[in-house]
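**Student:** One structure, pasted below without further comment.
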Amino acid sequence: MQQESMSILDFQNKFSTEEACQEHLFNMRWPNGYRCPRCDHDQAYFHQNRHLYQCKECGYQVSLTAGTIFHKTRTPLVKWFWMIFLMGQQKSGIAMTSLQRMLEIGSYKTVWTMGQKIRKAMSERDAQYELAGLMEIDDTYIGSSKPGKRGRGAAGKAKVVVAVEFREDKPRFATMQQVESMSEDDICKAIDGRLGEDITARTDGWKAYGFLNSGKRKHQPIVVGSGKNAVNVLPWVHILIANVKGNIRGIYHGVSSKHTNRYLSEFCYRFNRRFWEPQMFDRLLSACINCRTITFSELTA
Ligand SMILES: [Zn+2]
């Protein structure tokens, strides 16, 4: 489907009613018209009061929101659409308390759950892509400071591995994954699926990155020496790490390590699409619609 560019005024005009949002959702789910998910028939009755489409051939019923993050929501689609728009537009992220106020959402729990669902859609979409070619990989600790150890092994913080693909001295795409520990097994488990086969990875030579030297993959350990020098040797990962830490401090005022991965997903999702900003809304909405497989109980709800 053609992704549209949209300003905030375009957005406001286009999605001012629930009906307009439903129509847009319909067109994104069924760009070539309605299709029965069970028998592929193209004609349906629409039950207005329950928002259900019933197949004229086999009688199967499907709701417009089945299998999307909006399923069974009590929040109007108008608010969901605004939230997706705003979360996609704000480069450094947007606080849930701000969204709650702006969109007049009753409880913090509701807006927080909505935010987590949108982040999950971002994470699942990005997980479909692999980094390729030349990249830097390094690790860091993210979260609220606790007095004690510093460096690898800092207590109470989320351990995170960051990979940034670059070409001609410009960063292209990035992924950040929380890891259980800095062991080779755990780093490999967290990040291996996000890396292509044909890569050259620069690291500081930490022994756990040994798995990067296999098959077509090349590992270029660079002895960094002091922490200051690491910034020169692996510049892109350090810029991204500084940005994500700044965001978490400034916008989210700290994140518990339980939810770190979702925030990292949100950050990387926007970073990876920074050159397609005007299309961000439709791209993110599409991720929210196709977020996960549809279960039967959801289809028939
Ligand atoms: Zn059917």
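**Student:** Could you count how many residues in the stretch 239-277 are surrounded by 14 or more Cβ atoms within 10 Å (Cβ to Cβ), in a helix (DSSP H, G or I) and modelled with pLDDT under 85?
**Tutor:** Looking only at that region, the number is 1.
**Student:** Also, I was wondering about something else. From the list F85, F70, which one is under 20 Å from the mean Cα position of the chain (by Cα), aromatic (F, W, Y), away from the ligand (no atom under 16 Å from the Cβ) and more than 23 Å from N247 (Cα to Cα)?
**Tutor:** F70
**Student:** Right, something else. Given the condition touching an Asp or Glu at 6+ places or on another chain (Cβ under 6 Å), in contact (Cβ under 8 Å) with a residue 60 or more places away in the chain and closer than 19 Å to E277 by Cα, answer yes or no: does some residue in the stretch 105-120 qualify?
**Tutor:** Yes, the stretch 105-120 contains a residue that is touching an Asp or Glu at 6+ places or on another chain (Cβ under 6 Å), in contact (Cβ under 8 Å) with a residue 60 or more places away in the chain and closer than 19 Å to E277 by Cα.
**Student:** Go through (1) more than 23 Å from R172 (Cα to Cα); (2) touching a residue at least 40 places away in the same chain (Cβ under 8 Å); (3) among the hydrophobic types (A, V, I, L, M, F, W, C) and name the single condition L240 misses.
**Tutor:** (1)
Quick grid of which residues meet (1) part of a loop (DSSP other than H, G, I, E, B); (2) at pLDDT below 95; (3) out of contact with any strand residue (DSSP E or B) (no Cβ under 6 Å at 6 or more places or on another chain); (4) surrounded by 15 or more Cβ atoms within 10 Å (Cβ to Cβ):
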position: M135; (1), (2), (3), (4): no, no, no, yes
position: D139; (1), (2), (3), (4): no, yes, no, yes
position: R152; (1), (2), (3), (4): yes, yes, yes, no
position: K159; (1), (2), (3), (4): no, yes, no, yes
position: S181; (1), (2), (3), (4): yes, yes, yes, no
position: D185; (1), (2), (3), (4): no, no, yes, no
position: E197; (1), (2), (3), (4): no, yes, yes, no
position: Y209; (1), (2), (3), (4): no, yes, no, yes
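**Student:** Among the residues of the stretch 282-297, write down those that are over 13 Å from the mean Cα position of the chain (by Cα) and at pLDDT 90 or above.
**Tutor:** Passing the criteria: D282, I289.
**Student:** Pick from the stretch 37-54 the residues that are in contact with a Lys or Arg (Cβ under 7 Å, 6 or more places away or on another chain) and assigned to a strand (DSSP E or B): which of them is nearest to the ligand (Cβ to nearest atom)?
**Tutor:** A44
The values are calculated or read from the model by the stated rules, or taken from the named source; none is laboratory data. Quick caveat, the model's predicted, so the values are computed rather than measured. Don't worry about glycine lacking a Cβ; one is built from the backbone with ideal geometry, like all the others, and counts go over all protein chains shown.
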